Amino acid sequence: MTTLQARPAAHAGATTTMRVGVITGPGTFEVREQPIPQPGKGQVRVRLEGCGVCGSNIPAWEGRPWFRYPLEPGKPGHEGWGVIDALGEGVTDLHKGQRVGVLSYAAFAEYDVADAPNVVPLPAGLDGVPMPAEALGCAMNVFRRSGIEAHHTVAIVGYGFMGALIAQLAGTAGARVIAISRRESALALARQQGVPETVALTDNGQVIERVKSLTGGTLCDVVVEAAGVQQALDLSTELTKERGRLIIAGFHQDGPRTVNMFLWNWRGLDVINAHERDPKVYVEGMRLAIDEVAAGRMDPAPLCTHAFPLERLGDALSAAKDRPDGFLKAIVRP
C-alpha cells in the first residue's frame, strides 16, 4: 500500500503552466507541460489534490478500436478533488480556497476546470481525507436505486471499492450483508468493516449452497453485482430470491453478456441497471455521499489502497486493471 501524501502543487499565481498526464496509446502515457486552463463563464478552476482511477478508465488504457490516441490531456480522469483557485464570470456561490469534490473530465493533471453546478464543497472535518467524490456518488446512487432496507439480506458480489462502499451503506441501513469475492484480502477487509458473513468465490455452485445455508434456503432479498464479469452476473442471478431485486452495478462494457432469462422470468425478479448518465444525478449522489462521509457512516479512506504520483499514471491504471493483492482503489496525486 502506498501512503497517501499530498505533493505541494505550483500555485497559479506563480506559474502559467501545469503538468498533465496524456495516454498516448494502449499501455503508454507521458506527462506534458501545458498552459493552466482558465475557467469560463459559470466555471471554476480546481487545483487538484488527487483523482481516483475508475474501472471505466481501463478500456482506454488497454486500447479499443473506437479510441483515437493520444487522448485529450488529463482524460479520462473524472474522480478529482482539490481546492478552488479561480472563479469564472458569474460564479457567486463558491469561493477561492474552498476544498471541493468535482465532476470534471480531465483530472489526471494538476488543475482542471468544471461547471460550477458540478462542484460540491467538502466539510472542513474531511481535510486530508481522499475524496474521489464522483466514485462515492456512484456508490450512493447504486444504494438509492437498490431500495435496501433494514430487514433485507443483501449479497454483494465483487467486494472492490464500489462493493465495499455499498456494504457500508447497507450495514448502516440495518441490512444483513454477505460479501462475496475471489480475493481473500477483500474478504478480510469486509470482516474488518463488520460484514457478518463473507464467502469466497470459488465456483458458483459452492457459493450458492453456502448462501442457501446462511439464509435458510430463501436466498437474498437484494443482490448487488459489482464485479462486471459474466460469472458474477450469473451468480448474482442465482442468489436472488423470488421477487427479489438484482442490481447491476458492475462495469459491463467490454463485450456482450448473456443472461438467464428463464430464471429472471420464473422468479419474477426486478432487475435494475444502476448506472446513471445525468450529471445532475451524479452530483446529487456526490452531495449525499459527502454527507454520509461527514457523518461517519461511510469511510473511503481505508478503501483508497494505492496512491501514485502523476509520473506513474501508467502504474495506477495498470493496478486498476490487474488488481494486485490488497488492491481496492488507485489514486493519482499530482
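Only one of the numbered conditions (1) under 25 Å from the mean Cα position of the chain (by Cα); (2) at pLDDT 95 or above is not met by Leu263, and that is (1). For beta carbons closer than 7 Å, sequence separation of 6+ or different chains, a first residue in segment 133-152 that is basic (Lys, Arg) and a second that is not in a helix (DSSP H, G or I), the qualifying pairs are Arg145/Ile247; Arg145/Ile272; Arg145/Ala274. Screening the candidates Ala289, Ala330, Ala295, Ala320 for the property of being loosely packed, with under 15 Cβ neighbours inside 10 Å and within 22 Å of Ile166 (Cβ to Cβ) yields one hit, Ala295. Any residue at all in segment 161-183 that's of a type in the set (Phe, Trp, Tyr), surrounded by fewer than 21 Cβ atoms within 10 Å (Cβ to Cβ) and farther than 18 Å from Leu239 by Cβ? Within segment 161-183 (the criterion being of a type in the set (Phe, Trp, Tyr), surrounded by fewer than 21 Cβ atoms within 10 Å (Cβ to Cβ) and farther than 18 Å from Leu239 by Cβ), the answer is no, since none of the residues qualifies. Each residue in segment 163-190 was checked for being in contact with a Gly (Cβ under 8 Å, 6 or more places away or on another chain) and in a helix (DSSP H, G or I), and 3 of them qualify.
In summary, Leu313 fulfils each of the numbered conditions (1) buried (at least 20 other Cβ atoms within 10 Å of the Cβ); (2) under 16 Å from the mean Cα position of the chain (by Cα); (3) in the same structural domain as Gly125 (by TED's automatic domain parsing) with the single exception of condition (2). Residues that are in a strand (DSSP E or B) and within 18 Å of the chain's Cα centre (by Cα) within segment 77-110 comprise Glu79, Gly80, Trp81, Gly82, Val100, Gly101, Val102, listed in sequence order.
Filtering segment 212-229 for residues that are of a type in the set (Gly, Ala, Ser), more than 20 Å from the chain's Cα centre (by Cα), at negative phi and not in a strand (DSSP E or B) leaves a non-empty set. Could you say whether any residue in segment 187-194 is surrounded by fewer than 21 Cβ atoms within 10 Å (Cβ to Cβ), without any contact (Cβ under 8 Å) to a residue 12 or more places away in the chain and within 14 Å of Leu328 (Cα to Cα)? Yes; the residues of segment 187-194 include at least one that is surrounded by fewer than 21 Cβ atoms within 10 Å (Cβ to Cβ), without any contact (Cβ under 8 Å) to a residue 12 or more places away in the chain and within 14 Å of Leu328 (Cα to Cα). Within segment 317-330, residues that are at positive phi sit with their Cβ atoms under 8 Å from residues that are not aliphatic (A, V, I, L, M), at 6+ positions apart or across chains, in these pairs: Arg323/Gly160; Arg323/Arg183; Gly326/Ser185; Gly326/Thr305. Of all the numbered requirements in (1) of a type outside the set (D, E, K, R); (2) part of a helix (DSSP H, G or I); (3) out of contact with any Leu (no Cβ under 9 Å at 6 or more places or on another chain), Gly285 misses one, and that requirement is (3).
For Gln38, the conditions (1) under 21 Å from Ala135 (Cα atoms); (2) surrounded by fewer than 21 Cβ atoms within 10 Å (Cβ to Cβ) all hold with the exception of (1). Specify which of the listed residues (Leu126, Leu122, Leu48, Leu87) is more than 30 Å from Leu246 (Cβ to Cβ) and without any contact (Cβ under 8 Å) to a residue 60 or more places away in the chain. From the options Leu126, Leu122, Leu48, Leu87, the qualifying one is Leu87.
One residue stands out in segment 26-76 among those that are aliphatic (A, V, I, L, M) and in a loop (DSSP other than H, G, I, E, B): the one that is nearest to Lys321 (Cα to Cα), namely Val53. The number of residues in segment 111-153 being of a type in the set (A, V, I, L, M), under 21 Å from Val293 (Cβ atoms) and part of a helix (DSSP H, G or I) comes to 8.
The values are calculated or read from the model by the stated rules, or taken from the named source; none is laboratory data. Everything numeric in this text was worked out from a predicted model, so none of it was measured. So basically every Cβ, Gly included, is an ideal-geometry build from the backbone, and we count neighbours across all protein chains shown.
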